[in-house]
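Below you'll find the structure, written out as structure tokens, and then a few comments.
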Amino acid sequence: MRTSRVSAAWKKVSVCLVAVTMAGALIQTPMIQTAQAVSGSTPIRVGLMMKTSSFNTTTDTVTLQGRSGLQAGFYTGGKFAARYSSTGAVKASLDNYYVLVGSYATLGEAQTAANRIDGMGMSYDILVETVSGQKQYQVINGYYEYRTQADAARTKLASIGAAKVRGYLRLTAGKQVSQSAAEAKVNDLRAKGHEAYPLVRKDGTWEVWIGNEASQAELDSVNTKLGGGYAKADYAPADYLLIKKSAYSGMEIPHFIQNSAKQESAFLPIGTPAVTKVAEKAREYRGAILIQGYNEKPHVINYVGLDDYLYGVLPQEMASGWPMEALKAQAVAARTYAVRKMGSNRWGVADISDDVWDQAYRGFTREATDTNQAVNETMGQVLMKNGAYVETLYSSNHGGFSGDVAEIWGSQGIDYLKAVPSPWDAESTRREPLTYRVQLPSGQIGWMRASGVTKDGTNAAGFATGVVNADAQAVRPVPNYYASTLTTASKGTRVVILDEEIEYNTYNWQKGPFTPNEMMNMINQNQASGYPTVSGPVYDLRVTKWGQGDHMLEVSANGKPVTVTNADYYRYLFNDLWSTRATIEQQGTYTVQSASGVKSEYPNAKLQGQELHVVTASGTATTSINGSNDQFVLLGAGGKSRVVTKTQSYIFHGNGWGHALGMSQWGAHGAAVNGYTYDKILKHYYQGVTLTEKQ
């Protein structure tokens, strides 16, 4: 499930602990759906490659391969009928316009041209055509729904070869009694100099089609060369697979061309395990792979049983090796989420996506023994409330306290998504390294890993001191390993240790610093249409309204509320904050009292031209406090210290990662470590729900 609109960088790339979309898929009311037991074999349509208003992961051509081959065919009434078998890989594309960039005598020449197309950021394929006894390798680009699109591509590609637009208009040589008869007819026509292809329809009948023409005039010319009398190919019903050949990994493989309307072909794997590799995804999947033309592109759908789907979800949403009770809680949550989406056709061709817009799913490739066990040990179990399936939202880490869905998303009538304590979230910090906030001899202040400093005493102000114990130690503005480097400290450099904190993680993090101008631009560029922006640099930014669990509900800039579509939108507004459970540190806001008792309020004093200076015992004022460095240490009453800046800047201090609604995945991990069973974990995060019996 998605963390936010912009992918957050996270160093644990092997584990995808994520959260549902924060905007664009907001829940308004519970789905009205009668809950019932669901078999693990009940199929669900999972979109692997789709083109939507939110994302586009499609390609012009899809490459599939089973362990021992594939069967190509169609589903009718839920039953698969095989129409063609291949022992190797196959390709699939839509029957549309394409650009023939050039024809070459050798595969090497064709690949050179194809590489140039690839370098232009455009798609390519290499078709193998044997006509009049001569084999040619045709380098093509496409496919395009409209002729104008193909013409524009042809213009771009003219520098590579004598590009020509080809199309989907063809003649038919009529029905054939069998596949072998169709292939014999194709060979006969090709020997006479014509491009011809076998074609199989959904009902199992075979035909032979001739040509790849982009206009009626071109088609008429082909008919004339054939001697006339050939009928135009019949595209109704649009349930055919036309079979070409493509070059792939040194082989010639079947290339299925199907109608660009909402036709759906199916591919089932041959061999053990029964899985199909989608080359463009570099993953294998159980079940069937469906190809359907939609939104001008071939959409790839995994038609797979519910439990087989969950096998590929669980190790991506939680890590293999986590406590079994946490994995079982995730299995129930993921199953309930999927069941609610079954039959919804949410994405036009699929019920659910394979990415964090729904649940992250990586298929057979990602499966693990313990996560499969968690699915099996919760077979059929779902969460219900008042006879309906629960909306089982979850996110990576709630930072110690979940949010209330009415406050965070403005969704009413969902009484099981309440703000509840999540004390086990800190489990995510266990293995994270300690960092020190240090001041270098130059006066520069930043964060570095504690392992790079050896403590050696305390200075007169009471701060710990140390020595850098290795060369090229990075110093960063926040305790984030992936933050930009301010400078590096060499071995032997003495430092003053001002503070310490666990390096950023899903439980606690910092983001910034941001200047008043950066904050102004951030708000104005990210704000939703119709909502308030700011008219100038932001010199005061603070949370002015808090929700349950200390989630920010309102933020004000320069004294005026910056209202948003819902509280979760603040994550996007402020450049993808990890959580709404955050505070804002105003580094340039403080009060300074002079020797004569006069108080100056910063940043207002700074804006009025006042400058800070250090006064020596003899009364001499230095030119500037801490030299040219913007940061310095301010000692307050009672000896408390704080790092502040001469000019205003902001740092967000946050807890948690995700929308914080429903179950915290790290919370489930920590609860399991502390002896909670999966049913208790689920009932803690989803208030007042019922867990159905295991099947």
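Each reported figure results from applying straightforward, stated rules to the coordinates on display, with no laboratory input. Not measured: the values here are computed from a predicted model. Please note: Cβ atoms are built from the backbone with ideal geometry, for glycine as well, and neighbour counts cover all protein chains shown.
Does Leu241 fit the bill of being buried (at least 20 other Cβ atoms within 10 Å of the Cβ), more than 16 Å from Ile126 (Cα to Cα) and touching a Phe, Trp or Tyr at 6+ places or on another chain (Cβ under 7 Å)? Here the answer is yes, as Leu241 does meet what is asked. If you go through segment 541-582 and keep only what is among the acidic types (Asp, Glu) and in contact (Cβ under 8 Å) with a residue 60 or more places away in the chain, you end up with Asp550, Asp568, Asp576. Would you confirm, using the coordinates I've provided, whether Glu145 is out of contact with any helix residue (DSSP H, G or I) (no Cβ under 6 Å at 6 or more places or on another chain), of a type in the set (Asp, Glu), more than 24 Å from Leu189 (Cβ to Cβ) and touching a residue at least 40 places away in the same chain (Cβ under 8 Å)? Yes; evaluated as a whole, the condition is true for this residue.
Quick grid of which residues meet (1) assigned to a loop (DSSP other than H, G, I, E, B); (2) of a type in the set (S, T, N, Q):
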residue: Gln381; (1), (2): yes, yes
residue: Met384; (1), (2): no, no
residue: Ala406; (1), (2): no, no
residue: Ala419; (1), (2): yes, no
residue: Trp424; (1), (2): no, no
residue: Thr454; (1), (2): no, yes
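Scanning segment 370-414 for residues being among the aromatic types (Phe, Trp, Tyr), in contact with a strand residue (DSSP E or B) (Cβ under 7 Å, 6 or more places away or on another chain) and closer than 22 Å to Val564 by Cβ gives a total of 1. Of a type in the set (D, E, K, R), in contact with a Lys or Arg (Cβ under 9 Å, 6 or more places away or on another chain), outside any helix (DSSP H, G or I) and under 30 Å from Gly108 (Cβ atoms) - does that describe any residue in segment 247-260? Yes, segment 247-260 contains at least one residue that is of a type in the set (D, E, K, R), in contact with a Lys or Arg (Cβ under 9 Å, 6 or more places away or on another chain), outside any helix (DSSP H, G or I) and under 30 Å from Gly108 (Cβ atoms).
Residues are listed down the side, and each one gets a yes or a no for (1) part of a helix (DSSP H, G or I); (2) surrounded by fewer than 20 Cβ atoms within 10 Å (Cβ to Cβ):
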{"position": "Gln65", "(1), (2)": "no, no"}
{"position": "Gly73", "(1), (2)": "no, no"}
{"position": "Leu94", "(1), (2)": "no, no"}
{"position": "Tyr98", "(1), (2)": "no, no"}
{"position": "Ala110", "(1), (2)": "yes, no"}
{"position": "Ala114", "(1), (2)": "yes, no"}
{"position": "Asp118", "(1), (2)": "yes, yes"}
{"position": "Thr130", "(1), (2)": "no, yes"}
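Apart from one condition, Thr336 fits all of (1) part of a helix (DSSP H, G or I); (2) touching an Asp or Glu at 6+ places or on another chain (Cβ under 7 Å); the exception is (2). Out of the residues in segment 43-58 that are surrounded by fewer than 16 Cβ atoms within 10 Å (Cβ to Cβ) and among the hydroxyl-bearing types (Ser, Thr, Tyr), state the one that is farthest from the chain's Cα centre (by Cα). The extreme case among them is Ser53. When Tyr539 is tested against the conditions (1) in a strand (DSSP E or B); (2) of a type in the set (Phe, Trp, Tyr); (3) over 26 Å from the mean Cα position of the chain (by Cα), the lone failure is (1).
Of all residue pairs spaced 6 or more apart or on separate chains, those with beta-carbon atoms under 8 Å, a first member in segment 220-239 that is charged (D, E, K, R) and a second member that is assigned to a loop (DSSP other than H, G, I, E, B) and loosely packed, with under 15 Cβ neighbours inside 10 Å are Lys225/Gly193; Asp239/Asp203.
Kindly indicate the residue of segment 188-237 that is of a type in the set (S, T, N, Q) and under 28 Å from Ala266 (Cβ atoms) and also surrounded by the most Cβ atoms within 10 Å (Cβ to Cβ) among those meeting that condition. For segment 188-237, the residue satisfying everything is Asn212.
Filtered by the rule that a residue be of a type in the set (Ser, Thr, Tyr) and within 16 Å of Ala247 (Cβ to Cβ), segment 109-133 gives Thr112, Ser123, Tyr124, Thr130.
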